[in-house]
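Notes follow the structure.
The values are calculated or read from the model by the stated rules, or taken from the named source; none is laboratory data. Keep in mind that this is a model prediction, so the values were computed, not measured. Don't worry about glycine lacking a Cβ; one is built from the backbone with ideal geometry, like all the others, and counts go over all protein chains shown.
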Amino acid sequence: MNPSLIIANWKSNKTLSEVEDWLEKFSPNYNSINKTIIICPSFTLLSEVKSYLENKKLKIELGGQNISQFENGEYTGEVNAAQIKDFANYVLVGHSERRKNFEETNQILDQKINLVKKYGLIPIFCIQGKDTYIPKGVGIVAYEPIFAIGTGNSDTPKNANEVGLAIKRKGYEKFLYGGSINSQNVASFTSMPSIDGVLVGRASLDPVEFGKIIKLA
Ligand code: PGA
């Protein structure tokens with residue numbers, strides 16, 4: 001069986017001092033037997049988190065939460081693929097919060113995935129349902145129904161598994177579930193045959209809770 005993939009999506013949260021505190025509290029709880037852990041902090045925090053993980057020799061990967069659809073150049077405020085590659089191996093693309101608040105279209109998501117691949121990053125592509133468009137080049141798909149994000153009302157493991165089966169039938173390598181995952185419900189999702197891991201938002205902000213999720217996943 002493939003190791004579970006557990007991803008923390010911190011969204012637009014945490015200052016530098018809050019992250020230092022998180023890392024100090026998290027590392028004693030950290031127990032990664034056969035699991036791949038990926039933390040996705042804000043871009044401003046990538047450098048700090050990377051140094052900390054290296055110093056402590058923690059086997060945790062880093063991911064960007066977003067990526068510019070352009071290469072380097074005159075795009076004020078954007079962070080491009082080559083810049084992300086300095087710190088991270090993964091990048092989240094297609095999150096519903098970006099589709100909604102930043103009007104990311106399928107065409108923009110295609111451009112982003114092209115650059116992710118060109119620069120050797122691994123995309124984690126978010127879908128909101130089994131029929132969401134998925135650009136070419138994606139291997140890891142994360143199903144995050146909008147009603148479940150940040151609400152405390154997750155989808156049912158059975159339904160998530162059915163979406164997973166449909167996605168796997170299309171040939172995608174890995175399928176994740178995200179939306180109100182916590183230490184109480186994580187095992188009910190990761191025990192489903194089509195689910196290879198979880199994408200965790202709110203519950204990953206608490207280092208002790210995230211440690212428990214990793215253990216129980
Ligand atoms: P949530 O967010 O765990 O807070 O529901 C998940 C996500 O949006 O990635």
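Listing for the model above:
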item: Residue in the stretch 88-106 that is nearest to Ile39 (Cα to Cα), counting only those that are of a type in the set (Lys, Arg) and away from the ligand (no atom under 11 Å from the Cβ); result: Arg99
item: Unique residue being more than 16 Å from the ligand (Cβ to nearest atom) and either surrounded by fewer than 20 Cβ atoms within 10 Å (Cβ to Cβ) or within 30 Å of Ala82 (Cα to Cα) (or both) when the list is Ser183, Ser191; result: Ser191
item: Close pairs from the stretch 113-134: first without any contact (Cβ under 8 Å) to a residue 40 or more places away in the chain, partner part of a helix (DSSP H, G or I) and away from the ligand (no atom under 15 Å from the Cβ), Cβ under 6 Å, at least 6 apart; result: Tyr119/Ala81; Tyr119/Ala82; Tyr119/Lys85; Pro123/Ile113; Pro123/Val116; Lys130/Val163; Lys130/Ala166; Tyr133/Asn106
item: Unmet criterion (only one of (1) of a type outside the set (Asp, Glu); (2) under 16 Å from Cys40 (Cα atoms); (3) in contact with a Leu (Cβ under 6 Å, 6 or more places away or on another chain)) for Ile140; result: (3)
item: Residue satisfying condition, being more than 10 Å from the ligand (Cβ to nearest atom) and either of a type in the set (Gly, Ala, Ser) or under 12 Å from Ala8 (Cα atoms) (or both), within set Gly150, Gly164, Gly178; result: Gly164
item: Residue tally, condition of a type in the set (A, V, I, L, M) and part of a strand (DSSP E or B), over the stretch 107-123; result: 1
item: In the stretch 169-201, the residues that are more than 20 Å from Tyr90 (Cβ to Cβ) and among the charged types (D, E, K, R); result: Arg169, Lys170
item: Candidate set: the stretch 8-58, residues that are at pLDDT below 95 and among the small types (Gly, Ala, Ser); chosen: the one nearest to Val200 (Cα to Cα); result: Ser32
item: Residues being over 13 Å from the mean Cα position of the chain (by Cα) and either within 16 Å of the ligand (Cβ to nearest atom) or more than 12 Å from Ile167 (Cα to Cα) (or both) - total across the stretch 122-144; result: 6
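Okay, residues lined up against (1) more than 13 Å from the chain's Cα centre (by Cα); (2) assigned to a loop (DSSP other than H, G, I, E, B):
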{"position": "Ser188", "(1), (2)": "yes, no"}
{"position": "Ser194", "(1), (2)": "yes, yes"}
{"position": "Ser204", "(1), (2)": "no, no"}
{"position": "Gly211", "(1), (2)": "yes, no"}
